[in-house]
Amino acid sequence: MPYELPALPYALDALEPWIDARTVEIHYGKHHQTYLSNTNKALEAHPELFAFSIEDLLRDLNRVPEAIRTAVKNNGGGVYNHNIYWQGLGPNCGGEPVGKLAEAIQTTFGDFTTFKAEFEKAGLTRFGSGYAWLSRRADGSLLIHSTANQDCPLSEGLYPILTVDVWEHAYYLKYQNRRAEYLSIWWNLVNWKQADERFTHGK
Ligand code: MN
């Protein structure tokens, strides 16, 4: 069975005024959808792989035949990374971290202001296209890092908690080349409850 695109967990205009409805419409409806279509297309020659989730394939790309491995890495990564991006945002969100994640952020980074500065720096210094991430290592500890293109933390043995997409398509209509401004307003949309859920219970 082909993979399906998860529904956007809110309306297209729910992230206004920080992220405009037109950007969400194109980002979700065109970019995210295209990664999904291309993943399904790549697997047409190896339909037995549909028995695995996209997460499983990204965790162990060696199980994907070499002829379609790059296509799965790029497009499957594009599907999963956007899933995490959309899930991590919402209307009436923002504020400060909650729960066990709040404690872990404080222990690891000192305070929320320092954490935010490090996270924004990861997004700002990612050359070209990619993502900044807050991820959990296998030992349960946290790290801030970035990935290029649609590379996925799962392929590095990391479990993603939260991400900001820094491809230009994520912000260009409203912020043009001002990636730093997009990174600074993005905090108004972070769904900390969802991030804590991933940190505490996600596998
Ligand atoms: Mn994107």
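So which strands (runs of 3 or more DSSP E) stay within the range 127-180 end to end and still have 2 or more residues that are surrounded by fewer than 22 Cβ atoms within 10 Å (Cβ to Cβ)?
Numbers: elements: 130-136, 142-148, 159-165.
Ranges flagged: 130-136, 142-148.
Could you look through the range 49-72, keep only residues that are closer than 14 Å to TYR3 by Cβ and open to solvent by 50 Å² or more (accessible area, probe 1.4 Å), and pick out the one that is nearest to the chain's Cα centre (by Cα)?
Among them, the one singled out is GLU55.
Can you tell me which residues in the range 15-36 are of a type in the set (Gly, Ala, Ser) and under 18 Å from the mean Cα position of the chain (by Cα)? Steps first, answer last, please.
If we filter the range 15-36 for residues that are of a type in the set (Gly, Ala, Ser), which is where we start, we get 21, 29.
If the condition is that a residue be of a type in the set (Gly, Ala, Ser) and under 18 Å from the mean Cα position of the chain (by Cα), then GLY29 is the only one that fits.
Checking ARG22 against (1) more than 22 Å from ARG136 (Cβ to Cβ); (2) exposed (fewer than 14 other Cβ atoms within 10 Å of the Cβ); (3) without any contact (Cβ under 8 Å) to a residue 12 or more places away in the chain; (4) charged (D, E, K, R), which single condition isn't satisfied?
In the conditions (1) more than 22 Å from ARG136 (Cβ to Cβ); (2) exposed (fewer than 14 other Cβ atoms within 10 Å of the Cβ); (3) without any contact (Cβ under 8 Å) to a residue 12 or more places away in the chain; (4) charged (D, E, K, R), ARG22 misses (3) alone.
Quickly run through the range 170-186 and pick out the residues that are under 19 Å from the mean Cα position of the chain (by Cα) and either free of Cβ contacts under 8 Å to residues at least 24 places away in the same chain or within 14 Å of the ligand (Cβ to nearest atom) (or both).
Of all residues in the range 170-186, those under 19 Å from the mean Cα position of the chain (by Cα) come to 170-172, 179-186.
Correct list: ALA170, TYR171, TYR172, ARG179, GLU181, TYR182, TRP186.
Would you mind telling me which numbered condition in (1) under 24 Å from TYR10 (Cβ atoms); (2) touching a strand residue (DSSP E or B) at 6+ places or on another chain (Cβ under 7 Å); (3) not aliphatic (A, V, I, L, M) ASN149 fails?
(1)
When you look at ASP60, is it away from the ligand (no atom under 16 Å from the Cβ), of a type in the set (Asp, Glu), in contact with a helix residue (DSSP H, G or I) (Cβ under 8 Å, 6 or more places away or on another chain) and free of Cβ contacts under 8 Å to residues at least 12 places away in the same chain, yes or no?
Criteria not met by ASP60.
If PRO97 passes every condition in (1) farther than 17 Å from TRP192 by Cα; (2) more than 16 Å from the ligand (Cβ to nearest atom) but one, which one does it miss?
That leaves (1) as the condition not met.
Let me confirm something: among GLY130, GLY77, which residue is closer than 29 Å to HIS46 by Cβ and either aliphatic (A, V, I, L, M) or in the same structural domain as THR39 (by TED's automatic domain parsing) (or both)? Walk me through how you get there before you give the answer.
On the way: GLY130 fails: either aliphatic (A, V, I, L, M) or in the same structural domain as THR39 (by TED's automatic domain parsing) (or both).
Matching residue, one of GLY130, GLY77: GLY77.
Within the range 51-63, is even one residue outside the structural domain of VAL166 (by TED's automatic domain parsing), touching a Cys at 6+ places or on another chain (Cβ under 7 Å), of a type in the set (A, V, I, L, M, F, W, C) and assigned to a helix (DSSP H, G or I)? Break it down into steps so the answer makes sense when it comes.
Residues of the range 51-63 that are outside the structural domain of VAL166 (by TED's automatic domain parsing), as a first pass: 51-63.
Remaining after also requiring touching a Cys at 6+ places or on another chain (Cβ under 7 Å): 58.
Imposing the further condition that a residue be of a type in the set (A, V, I, L, M, F, W, C) reduces the set to 58.
So of that shortlist, the ones also assigned to a helix (DSSP H, G or I) come out as 58.
Yes, that holds for at least one residue.
ALA122 - would you say it is under 20 Å from HIS32 (Cα atoms) and in the same structural domain as LEU158 (by TED's automatic domain parsing)?
Numbers: under 20 Å from HIS32 (Cα atoms): no; in the same structural domain as LEU158 (by TED's automatic domain parsing): yes.
Answer is no for this residue.
I'd like to check something: does the range 38-54 contain any residue that is within 29 Å of GLY140 (Cβ to Cβ), more than 16 Å from the ligand (Cβ to nearest atom) and at pLDDT 95 or above?
As a first pass, look at the range 38-54 and keep what is within 29 Å of GLY140 (Cβ to Cβ): 52-54.
Cutting the leftovers down to more than 16 Å from the ligand (Cβ to nearest atom) gives us 52-53.
Okay, now just the ones that are also at pLDDT 95 or above, so 52-53.
Checking the range 38-54: at least one residue is within 29 Å of GLY140 (Cβ to Cβ), more than 16 Å from the ligand (Cβ to nearest atom) and at pLDDT 95 or above.
The values are calculated or read from the model by the stated rules, or taken from the named source; none is laboratory data. Note that the coordinates shown come from a computational prediction; the quantities given were computed from them, not determined experimentally. Here the Cβ is made from the backbone with ideal geometry for all residues, glycine too, and neighbour counts use every protein chain on show. Heads up: the accessible areas ignore ligands, DNA and RNA and are worked out on the full protein's heavy atoms, side chains in. Shrake-Rupley method; radii C 1.70, N 1.55, O 1.52, S 1.80 Å.
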